[in-house]
1. Stretched out fully, how many nm does the piece from ALA214 to ALA61 gain, at 0.36 nm a residue minus the Cα gap?
2. Per residue, how many Å² of accessible area does the stretch 75-186 show with a 1.4 Å probe?
3. How much FRET efficiency would the formula 1/(1 + (r/R0)^6) give for GLN105 and THR172, where r is the Cβ-Cβ distance and R0 is 35 Å, rounded to 0.05?
4. Give me the percent of the accessible area of the stretch 177-279 that comes from carbon and sulfur atoms, probe 1.4 Å, all protein chains in place.
5. So, for the stretch 235-342, what is the accessible surface per residue at a probe of 1.4 Å, expressed in square angstrom?
6. Using a 1.4 Å probe, what is the accessible area per residue for the stretch 4-70, in Å²?
7. Subtract the Cα-Cα distance of SER247 and HIS31 from 0.36 nm times their separation in residues, and report this length gain in nm to one decimal.
8. Taking 7 Å along the Cα-to-C-beta vector as the label spot, tell me the ALA232-ARG7 distance in nanometres, rounded to one decimal.
Amino acid sequence: MPLSIVRNAELKSLNTFGVAASAASLITLEHESQLAELRAALADGPAPFVLGAGSNVLFTAEVPGTVLRVRLRGVRIVSDDAHGVVVEAAAGEDWDALVRWSLEQHCYGLENLALIPGTAGAAPIQNIGAYGVELSDVFESLDAIDLDSGVTATMSVADCAFGYRDSVFKRTGAGRWLVLRVRLRLARRAQLRLEHGDIGLALSAAGIASPTPADVAAAVRRVRRAKLPDPAQLGNAGSFFKNPIVSTAQAQRLLAGNPGVPNYPAVLDGAAARKLSAAWLIESCGWKGARDGDAGVDTRHALVLVNHGQATGAQLLGLAARIRDSVEERFGVRLEAEAVLLPRPPDWER
Ligand SMILES: Cc1cc2nc3c(=O)[nH]c(=O)nc-3n(C[C@H](O)[C@H](O)[C@H](O)COP(=O)(O)OP(=O)(O)OC[C@H]3O[C@@H](n4cnc5c(N)ncnc54)[C@H](O)[C@@H]3O)c2cc1C
């Protein structure tokens, strides 16, 4: 099957914000047999932007280069022994479908990551996480092709250098590595993580005292549906900002004047630090439910920017910048975007 290459391609249906934008060209990779053709097509141009399901991206303006959409498919069990079950998913597999499939196979460990939108190949990029579990907790390895050299590498947890919503891929520049497949080490015997209050409450509300992994996944789905807008109904990319991590000294100064700021243990540059709730900081600045035309802040969750219909990427970015600046002015803490901004404006950090 030849590679699909579309010039002046519309991206509105390819991002969960639902913002209109176009790319100079859109290449869709359906099968690994197309990799040689892909490299030839990219040979003379700049690195492409690799796109999964577009659930963590804000197209801030027209994309001058190539968007490479990954639709590689396939899931299988690679090994199953006393050390666990290694499951391999091609990069284009839907993440939540993989969570469901793994539970059907009696492979446990992904329950808390249910209903996170996106593809398996994107999961390592920002080390997806929710309800006390991160991808890195179950990650075994991945295969990725260096689009510059054409060399395929297998990368371990250490190679990926995972951090909070971070990995080596976010630091080495977009478009160099194309993740082809991801392997996860899951367990035959569940070790449920219920310490996140919302999960416990959802299980109690359902009258479940001894939950199965499927019960936990169902509880996570209920909690998420109650808290987060469904991109099919209201455009969004989940949390727009990361929770900021500050030094212990800065946290103490901030807490002295604002004792209510929720904060948690974290590590910053190898030292003990505190992670602050970005939602609390944003809400305290009065942004929850705010609206500027069709660009808005969700009424239930202050971390989520939403597109009420026809918002452009520039309008959403403008709103995000005002939120960031007001939080910095009031609390002295600069928020960073969790969503990937494309093109990235100069005044936004990586
Ligand atoms: C309603 C909602 C809730 C969300 N909740 C959470 C949450 O709880 N936790 C969380 O961590 N995230 C959450 N997210 C963010 C999002 O679901 C994740 O970041 C997800 O992994 C993005 O997957 P994607 O396929 O849509 O990636 P995209 O948005 O298409 O791309 C994201 C990044 O990954 C890169 N990328 C994608 N595929 C590949 C590949 N094959 N090879 C190399 N690079 C690639 C892109 O270049 C880009 O840098 C949420 C989003 C939404 C809309």
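1. Contour length minus Cα-Cα distance gives 51.0 nm.
2. For the stretch 75-186, the solvent-accessible area averages 36 Å² per residue.
3. Approximately 0.60, to the nearest 0.05.
4. Carbon plus sulfur share of accessible area: 54 percent.
5. Per residue, the stretch 235-342 has 43 Å² of solvent-accessible surface.
6. 43 Å²
7. 73.2 nm
8. Going from the ALA232 label point to the ARG7 one covers 3.6 nm.
The values are calculated or read from the model by the stated rules, or taken from the named source; none is laboratory data. Only a predicted model underlies this, so the values are computations on that prediction, with no experimental measurement involved. Please note: Cβ atoms are built from the backbone with ideal geometry, for glycine as well, and neighbour counts cover all protein chains shown. Each accessible area value is taken on the protein alone, full model and side chains, heavy atoms only, with ligands, DNA and RNA left out. Shrake-Rupley method; radii C 1.70, N 1.55, O 1.52, S 1.80 Å.
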